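So the structure is just underneath, and the comments pick up after that.
Nothing in this text is a laboratory measurement; each read-out follows from the coordinates by a stated rule. All figures in this text were calculated on a predicted structure; none of them were measured in a lab. Because the Cβ atoms are built from the backbone with ideal geometry, glycine has one as well, and the counts that use them run over all protein chains shown.
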Amino acid sequence: MAEITKTPEWQSLEKHYKKIKDLHMKDLFENDTDRFESNHILFDDFLFDYSKNRITKETKELLISLARTADIENWRRRLFSGEKINFTENRSALHIALRNRSNNPIMVDGKDVMPLVNDELSKIRKLSDEIRNGSWKGYSGKKITSIVNIGIGGSDLGPSMVCSALKPFGSKEITPHFVSNVDAADLSQVLDVCDPETTLFIIASKTFTTQETMTNAFSARDWFIDKAKKNEFIKNHFVAISSNSEAVIEFGIHPENIFVLWDWVGGRYSLWSSIGLSIAIFIGMKNFEALLEGGHEADNHFIAEPIEKNIPIMMALIGVWYINFFDFSTYAILPYDQCLTKLPAYLQQADMESNGKFIGRNNQKVCQKTGPILWGEAGTNGQHAFYQLLHQGTEIVPSDFIMPINSNYKLGNDKHNHHNILQSNFIAQTQSLMMGKSKHDVESEMKNEIDDNPDLKRLISHRTFEGNRPSNSILFKSLTPKALGKLIALYEHKIFTQGIIWNINSFDQWGVEYGKQIAKLVLPELESKKDTKAFDSSTNNLIKYINNNS
Ligand code: G6Q
């Protein structure tokens, strides 16, 4: 494909941007009272309202042409057919197979992977059922009441986010814990509240070589053996999820306790695989399957719907419009549901690890910006913190406001209904970010005060809001396993679509690998406690300072 910025479609967008960049959304809504009608998409119980964006009918048409030029329709087919589109690692990117509920064959290297996926699902079902019904016993004959997932990055963020999002569906008798940081504080705090007789450790590491995970796994094993005394008891308390069975066995985990995953499952796309074991144990297999079902339904939506009715593609195009034409570099994820507190961090990895790339598929430096800096926080907490900048800062931050219409928690009465209050804040924020507040409105609001004290006139500009700050609203009926599965998969496909437009490989992560390599070089220098000249003067002196003070 030609460099995307050189295509007539991109150049038309550049011209169009100059024409409409100062248009105010308030005027767009005033001039078209039905603006919502032509700028939203319904998908099952999901509503995606993108009308509060700085786009016109023409912008949409030009963006849709851009998606066609980038050949997104063909690329989505290539993704789904198991082609090795992760070309820098010579792998397919087949997370869609993990949640393929239709059971149609999906081929990798001429072999259907669905039997492998289904075998693994049966194993997950068996273990999660046994733990939940108490037939799996700890070494002293007691039921498992704590599960500790030890993993990092893709082997942690997904399961940990889903378990907190779906807590209302979780077992009351089993507490899930997630340990990721190599900082001893993380594991120590979890071990402090666990009992070795009733704890199951899940060592989740695709490679089984990740420094943080292995360090935590060895310490967990030492802690366990110290209490249980016999190595043979490891079988009742340690399972592993990995594609490196040899290393797992060497660690001492029984071969029957190994869950596998394959090279075509990327870490940040792996919660649907056996990496989701902690989810299945906590919420039960039926709910885990509903999560997969939701993901599968979003896959069907992505593959089948035309661009203008396709939520992930429209999300992606709007994102491209802001990053590449308006030069808005960051993007906020604002879930109005306390259970989705971990969603921003989860999507931060999914997006920034996938599309934080400066080299294109043509092996050359890209000519435009790629992934946005993603961040966010649960509403309404963010409102009392960083929303000031969203409303009046010099940086404009396009945002996704996400909210289930019905809460899983019922609290309050007619006067103090928590969920109504939460919802009104959601609506108020998207509305006021878009509308702003004119000087004229502030002046009339302050009329009496100013009449009493004319000096207060100087406050008018401080209380003025420019508005024209864009947001998407994503509403769905309630936060069920199925809805969450849909939501996650919609974002995965948004990220994929943007990667295609920018012509980058969204499925490798050399940046992560590089950090892992350098950490291995630094460690011996810290262990030796000697001065080093191995690095630059800053790094050498940081090492020296640490050594002198530890
Ligand atoms: C995700 C990345 C990365 C990975 C972790 C853990 O896509 O590859 O976040 O998940 O580095 O790797 P292991 O599962 O191999 O321990």
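Here are the numbers:
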{"read-out": "Burial ranking of peptide ranges 315-324, 477-486, 34-43 (average Cβ count within 10 Å, highest at the top)", "value": "315-324, 477-486, 34-43"}
{"read-out": "Using alpha carbons only: equivalent-ellipsoid semi-axes of the chain, gyration tensor based, whole Å", "value": "42, 28, 27"}
{"read-out": "Spin-label model distance (nm) - His440 vs Ser140, 7 Å beyond Cα toward Cβ", "value": "7.6 nm"}
{"read-out": "Cα Rg, Dmax (largest Cα-Cα span) when computed across the stretch 488-550, Å", "value": "19.1, 51"}
{"read-out": "Ratio Rg/Rh [Cα only; Rh per Kirkwood] for the stretch 96-233", "value": "1.01"}
{"read-out": "Positive-end residue, the stretch 110-213 charge dipole about Cα centroid, Cβ charges, pick of Leu116, Ser155, Ser180", "value": "Leu116"}
{"read-out": "Calculated FRET value between Lys286 and Asp451, using beta carbons and R₀ = 51 Å, to 0.05", "value": "0.20"}
{"read-out": "Full-extension gain in nm, Glu58 to Leu116, via 0.36 nm per residue minus C-alpha separation", "value": "16.2 nm"}
{"read-out": "Computed log₁₀ I(q)/I(0) - Debye formula, equal Cα scatterers, no solvent, the stretch 1-101, q 0.12, 0.16, 0.23 Å⁻¹", "value": "-0.63, -0.92, -1.16"}
{"read-out": "Equivalent ellipsoid, the stretch 399-487 (semi-axes from 5 times Cα gyration tensor eigenvalues, Å)", "value": "37, 18, 7"}
{"read-out": "Part-to-part distance (alpha-carbon centres) for the stretch 508-550 and the stretch 93-122, which is given in Å", "value": "42 Å"}
{"read-out": "Per-residue HN-Hα couplings for the stretch 91-107 [Karplus 6.51, -1.76, 1.60; θ = phi - 60°; Hz; x = Gly/Pro]", "value": "9, 7, 10, 10, 4, 5, 5, 5, 10, 7, 7, 7, 6, 4, x, 10, 9"}
{"read-out": "Alpha-carbon Debye profile of the stretch 396-550, log10 I(q)/I(0) at 0.09, 0.11, 0.15 Å⁻¹", "value": "-0.72, -0.85, -0.94"}
{"read-out": "Amide H contacts of Ile504 (H built 1.01 Å from N, under 5 Å, at least 5 apart or other chain)", "value": "Arg361"}
{"read-out": "Above-threshold pairs, the threshold being 24 Å between Cα atoms, out of Lys167/Lys482; Lys286/Lys494; Lys15/Lys57", "value": "Lys286/Lys494"}
{"read-out": "Segment Gln431-Glu305, extension gain: residue separation times 0.36 nm, minus the distance between their alpha carbons", "value": "42.5 nm"}
